[in-house]
Amino acid sequence: MSKINDIKLLHTLFGTTPGKGVQPKEAVAYGIAGFGQNFICTIIGSYLTIFLTDALLFGSKDFMLGSVSGTMSVAFLMLGVRVFDAFNDPIMGSIVDRTRTKWGKCRPYLKWMAIPIGIMTLLCFLPVFKAKSVGAFIGIACIYTVWSVVYTVADVPYWGLSTCMTNDTEVRGKILTIVRLICTLGAGIVTVFVPIITSGVTSKYKDAAGVVKPEFIYDNANTLKWTYFICALVLVVVAMPMFFYGFRNTKERFTATDNPPSLGHNLVLLFKNKELLLVVLSGILGGARMVYTYTGGLYFAKYVLNNEGLYSLITLLVVPGGLVASILVPWMSKKFTKKWAYIIIHLFGAVVMFVMYFVGYDAPWKLIVCAVGLVLLGLPQGVNNIITYAMIGDTVDYLEWKTGERGEGICFAMQTLINKIGMAVGAFVGVVAYYAAGINPDAANGIYITEGGKTLLWNMLVLSGAVSMFLTCVPMFFYTITEKKQKKMVEEVAARKIAEGKSVEVETAE
């Protein structure tokens, strides 16, 4: 009886129908693959930058690449590679749309790319690289570029798989809600525990205030190198089987079987999908909204609060709001539509960040106010993580309604493009703030940042987020797909196929 009740609960949770179409087992497997994927994404996205600036000391004042400081070289590396990677996504999306295998067009990449991603992730954190070495910088830059391409080959089809599993927007929305929650949990585990580990293993090099003693700067940096590598190794070993599990336990139902489109054709389709372009523009303008959860927040914890382990607290404070948002998204979507839920929650986030900026951080009561602000900021972060995927799924149906072609690959390539632009902007703003604040990780006098630098670092991180929260809302005022319109489009597409004598794809019993 308990097992039956558990199955009923899962069907209710995912909005699925017993024996018809996508089943809870598939949704869970899809989420597990995303859980592992976010282990990999987060160790690179959150910690490769600080590995470069503080473990390899490329952030040192006396390290230069030609006429460019080491810090700004890291900033441009993070921006350049991630933007390059983001614009690879449409190419990968086109490749996905042209893929034809017995497993479908999206699932195979979970099988094929797991091991290459793991290998390239470990190479990014190789502890044998020499600190403040131009050769080491060039080597990591090349490895990181290759990593970004390899990761894209798995990331684009992973998110496109959701539209191949079901074309029911409510079911897909519920699945993506749970899956994004699982992915956030995976990212959260990495974000929370890695700085606690690095802070703990380097504590022997610090004074009572938590500042690294000048005589131990290089010992501290060398310990950080090995610690990040070991963390990456553990995460890779745990994550790889999750990719394979996702491949084996999902099924594609809505995959085109006609002649695959070319890249040029897909790009034409992309520009016919005006609703998708609005979502993309919104995501790009919102690239800096969560900069405090990227490297910038870690720098703030380490150099202003003198405890990088507090970065774990910063990210944990966001979790309750994100959990509440995950629960509320289905209700908000029905009550306000996805569009207005997205706009309202981001305007709310902008107000919260402006309040945090004007309150400041230099007193205990101010830190309490900011802590409350971080909890509230979990709401827009959680809503964004879920609704954008659901909206892009709807734009796939919109594209089929408008042109007769679905283009899951090219459409969901835009979601990964948004994510990578966000990571690029987040890392770039964080490192530029590091540079502007005058941080020097190997200062011989032990003064790694001035009081003025602390204030500047705070201002850059909080203001950039507040402005970005506001800007992300602007394009969405022009977005027109509602839940009712999506259902009508699906019905019209089905009727059109029947009238043309074509087979209609339906969700059938397993």
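List of remarks:
- Just one of the numbered conditions (1) within 21 Å of the chain's Cα centre (by Cα); (2) farther than 21 Å from Gly373 by Cβ; (3) surrounded by 21 or more Cβ atoms within 10 Å (Cβ to Cβ) is not true of Tyr292: (2).
- Checking Leu122, Leu126, Leu77 one by one, the residue that is of a type in the set (A, V, I, L, M, F, W, C), surrounded by 21 or more Cβ atoms within 10 Å (Cβ to Cβ), in contact (Cβ under 8 Å) with a residue 12 or more places away in the chain and at negative phi is Leu77 and no other.
- Set side by side, the residues Tyr109, Tyr158 differ, and just one is free of Cβ contacts under 8 Å to residues at least 60 places away in the same chain, touching a Ser or Thr at 6+ places or on another chain (Cβ under 9 Å) and farther than 22 Å from Gly80 by Cα, which is Tyr109.
- Filtering Val396, Val375, Val462, Val467 for residues that are among the β-branched types (Val, Ile, Thr), farther than 22 Å from Thr315 by Cβ and in a helix (DSSP H, G or I) leaves a single hit, Val396.
- Residue match in segment 42-53 (condition: in contact (Cβ under 8 Å) with a residue 40 or more places away in the chain, under 23 Å from Ala154 (Cα atoms) and surrounded by fewer than 18 Cβ atoms within 10 Å (Cβ to Cβ)): no
- Qualifying residue in segment 333-346 (condition: of a type in the set (A, V, I, L, M) and over 14 Å from Asn385 (Cα atoms)): yes
- In segment 401-431, the qualifying residues are those that are in a helix (DSSP H, G or I) and of a type in the set (D, E, K, R), and the one that is nearest to Ile44 (Cα to Cα) is Lys420.
- For segment 459-487, residues that are under 25 Å from Ala424 (Cα atoms), among the β-branched types (Val, Ile, Thr) and crowded, with 19+ Cβ neighbours inside 10 Å total 2.
- Residues in segment 240-282 that are polar (S, T, N, Q), modelled with pLDDT under 85 and over 18 Å from Asn167 (Cα atoms): 3 in all.
- Per-region count, segment 208-237, residues among the charged types (D, E, K, R), in contact (Cβ under 8 Å) with a residue 24 or more places away in the chain and farther than 22 Å from Ile117 by Cβ: 1
- Of all residues in segment 195-210, those satisfying the criterion of being over 15 Å from Leu298 (Cα atoms) and among the aliphatic types (A, V, I, L, M) are Val201, Ala208, Ala209.
- Residues that are part of a helix (DSSP H, G or I), modelled with pLDDT of 85 or more, crowded, with 24+ Cβ neighbours inside 10 Å and not β-branched (Val, Ile, Thr) occur in segment 432-445; there is at least one.
- From Pro364, Pro330, residue being closer than 17 Å to Val383 by Cβ, out of contact with any Leu (no Cβ under 7 Å at 6 or more places or on another chain) and surrounded by fewer than 20 Cβ atoms within 10 Å (Cβ to Cβ): Pro330
- Lone qualifier among Tyr361, Tyr342 - being not in a helix (DSSP H, G or I) and not acidic (Asp, Glu): Tyr361
- Number of the condition not met by Leu310 [criteria: (1) touching a Ser or Thr at 6+ places or on another chain (Cβ under 6 Å); (2) of a type outside the set (Asp, Glu); (3) surrounded by fewer than 24 Cβ atoms within 10 Å (Cβ to Cβ)]: (1)
- Residue in segment 297-311 that is of a type in the set (Phe, Trp, Tyr), in a helix (DSSP H, G or I), under 22 Å from Ile182 (Cα atoms) and under 21 Å from the mean Cα position of the chain (by Cα) present: yes
- Residue match in segment 428-442 (condition: more than 27 Å from Phe216 (Cα to Cα) and not hydroxyl-bearing (Ser, Thr, Tyr)): yes
- Among the candidates Val359, Val369, Val352, the residue that is touching a Lys or Arg at 6+ places or on another chain (Cβ under 7 Å) and of a type in the set (Val, Ile, Thr) is uniquely Val359.
- With respect to (1) loosely packed, with under 15 Cβ neighbours inside 10 Å; (2) closer than 30 Å to Ala55 by Cβ, the lone exception for Ile498 is condition (2).
- Test: residue in segment 142-165 that is modelled with pLDDT of 95 or more, over 21 Å from the mean Cα position of the chain (by Cα) and assigned to a helix (DSSP H, G or I): yes
- Conditions (1) touching a Gly at 6+ places or on another chain (Cβ under 7 Å); (2) surrounded by 18 or more Cβ atoms within 10 Å (Cβ to Cβ); (3) within 30 Å of Val318 (Cα to Cα): number failed by Tyr151: (1)
The values are calculated or read from the model by the stated rules, or taken from the named source; none is laboratory data. Because the structure is predicted, anything quoted here is derived from the model rather than measured. Positions of Cβ are backbone-derived with ideal geometry, glycine not excepted, and every protein chain shown enters the neighbour counts.
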